[in-house]
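The values are calculated or read from the model by the stated rules, or taken from the named source; none is laboratory data. Computed from a predicted structure; not experimentally measured. With ideal geometry, Cβ positions are generated from the backbone for all residues, glycine too; neighbour counts draw on all protein chains shown. Note: accessible area is taken over every heavy atom of the protein model, side chains too, but ligands, DNA and RNA are not part of it. Shrake-Rupley method; radii C 1.70, N 1.55, O 1.52, S 1.80 Å.
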Amino acid sequence: MLSKVIKSVLKPNQNQMRVLAPFMTSTVMKESGTTSATFDTRPYKLHKLEEAPNTSTTCTRDEALLYYKQMQIIRRMESASGNLYKEKAVRGFCHLYSGQEAICVGIKAALEPQDSVITAYRDHGWAYVMGCSVTSVMAELTGRTQGIVRGKGGSMHMYCKNFYGGNGIVGAQVPVGAGVALAQQYLGNGGLCIALYGDGAANQGQVFEAYNIAKLKDLPCIFICENNGYGMGTSVDRASASTMYYTRGDYVPGLWIDGMDILSVKEAIKYCKDYCSAGKGPLVLEVATYRYSGHSMSDPGTSYRTRDEIQEVRQTRDPIMLFKENIISANLVTAEELKQIDADVRKEVDEAVKVAKTDKEIAVHELAADVYSAPIENTIRGTTPFEPYTHQRLSKVINWH
């Protein structure tokens, strides 16, 4: 069953294009020269906001090449991650971000160095755009020493400067994100926090508690629901009495964004940053998107939706495909340049996979390393009270205030 978020924007006599309709790519207005181009953004929906983000945005040639490469890196990484999981080189849970790349790349493009991000367990792409290398992401998945946290976090727990994970408990990252925003407000560093969660987590009580405290204190926090249409195997209209997630904050203003258009995402986040920087408090965003894979690697993703639906999205509103068409038609880049990026990306990811398969694992005694930033006691219990470990400091503390 298709979600209401998709059904609500269907045009008459377009049932054969039911997936395409709400996510048509932005139109292009060519400028003189080839160093930049102006694109129309997709329409936004507002909740208790008087002004919408800009209806057009400018993209430079360098930005176009960067965004395309970042999205292709994430797509290729997720494909490799899925293969490693099937080979049993990745253990535990593994949630792929394929199809949703425009969200993290678009949001990151609008952020400043002092801004922070926290997300759920679909975090590989986020770790990459926030500064982690492809090798460190892939090695973390397989539990190797060159991983982001030396292989101890795995798929769901990746961290770096101003990136607070990677969180495995459904919805639990949302109030933590409000706490990060409170810290930034207290420090007066001019930063904000992006707290992301899925439509499946949108009904969690702690999400609404976070809205409340954020509005009470006018925290610089942007709550973002990544609505990919399905919470695990349940479509949104079967799980939520209201599927207008951008209105869920009630007294908190909201905004709906086409998450398949990277430039619309970027322009919306720039608008939200200006809003929060003005001391107006939090916002609740809904970013409409789609995931190609199942909820996790244990979910084939075809028992609650058809293969035709997935294929139609790939062919008509894939975020990489749409962006590629736009920047080529605007004469920002050439098809040959993008082919070279594709080849470079393939090589970089393949080399990272080799490291992920061959790098060594940490020693057993290192399991107790870097647990605390300033431990009061240096003895940490093992599997029994009679087999303790000694705390060690091996890595540099990040996000220390």
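Return a yes/no flag: does the range 316-332 have any residue that is over 22 Å from Thr60 (Cα atoms), touching a residue at least 60 places away in the same chain (Cβ under 8 Å) and surrounded by 14 or more Cβ atoms within 10 Å (Cβ to Cβ).
For the range 316-332, residues over 22 Å from Thr60 (Cα atoms), touching a residue at least 60 places away in the same chain (Cβ under 8 Å) and surrounded by 14 or more Cβ atoms within 10 Å (Cβ to Cβ): present.
Which residues, taken from the range 355-369, are within 20 Å of Val134 (Cβ to Cβ) and surrounded by 16 or more Cβ atoms within 10 Å (Cβ to Cβ)? Quick ask: steps written out before the conclusion?
The initial filter retains those residues of the range 355-369 that are within 20 Å of Val134 (Cβ to Cβ), namely 355-361.
Result: Val355, Ala356, Asp359.
Which one of these is crowded, with 24+ Cβ neighbours inside 10 Å, touching a strand residue (DSSP E or B) at 6+ places or on another chain (Cβ under 6 Å) and modelled with pLDDT of 95 or more: Gly177, Gly254? Break it down into steps so the answer makes sense when it comes.
On the way: Gly254 fails: crowded, with 24+ Cβ neighbours inside 10 Å.
Matching residue, one of Gly177, Gly254: Gly177.
Residues are listed down the side, and each one gets a yes or a no for (1) open to solvent by less than 20 Å² (accessible area, probe 1.4 Å); (2) under 15 Å from Glu78 (Cβ atoms):
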site	(1), (2)
Tyr271	no, no
Ala278	no, no
Pro282	yes, no
Ser293	no, yes
Asp299	no, yes
Thr302	no, no
Arg305	yes, no
Asp308	no, no
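Please verify whether Tyr186 is more than 21 Å from the chain's Cα centre (by Cα), at negative phi and in a loop (DSSP other than H, G, I, E, B), treating the condition exactly as stated.
no
Write out, first by first residue and then by second, each pair whose Cβ atoms fall under 7 Å of each other, whose residues are 6+ apart or on separate chains, and whose first residue, in the range 231-253, is within 14 Å of Pro282 (Cβ to Cβ) while the second is open to solvent by less than 40 Å² (accessible area, probe 1.4 Å) and part of a loop (DSSP other than H, G, I, E, B).
So the pair list comes out as Arg248/Ala202; Val252/Pro282; Pro253/Leu49.
Table: residues versus (1) assigned by TED's automatic domain parsing to the domain that holds Glu78; (2) in contact with a Ser or Thr (Cβ under 8 Å, 6 or more places away or on another chain); (3) within 21 Å of Cys94 (Cβ to Cβ).
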position	(1), (2), (3)
Tyr290	yes, no, yes
Pro300	no, no, yes
Ile310	yes, yes, yes
Asp318	yes, no, no
Leu322	yes, yes, no
Glu325	yes, yes, no
Glu351	yes, yes, yes
His365	no, yes, no
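Name the helices (runs of 4 or more DSSP H) wholly inside the range 190-306 in which the number of residues that are closer than 18 Å to Tyr121 by Cα is 1 or more. Show your work before the answer.
Values: elements: 205-216, 236-239, 262-277.
Counting at least 1 such residues, we get 205-216.
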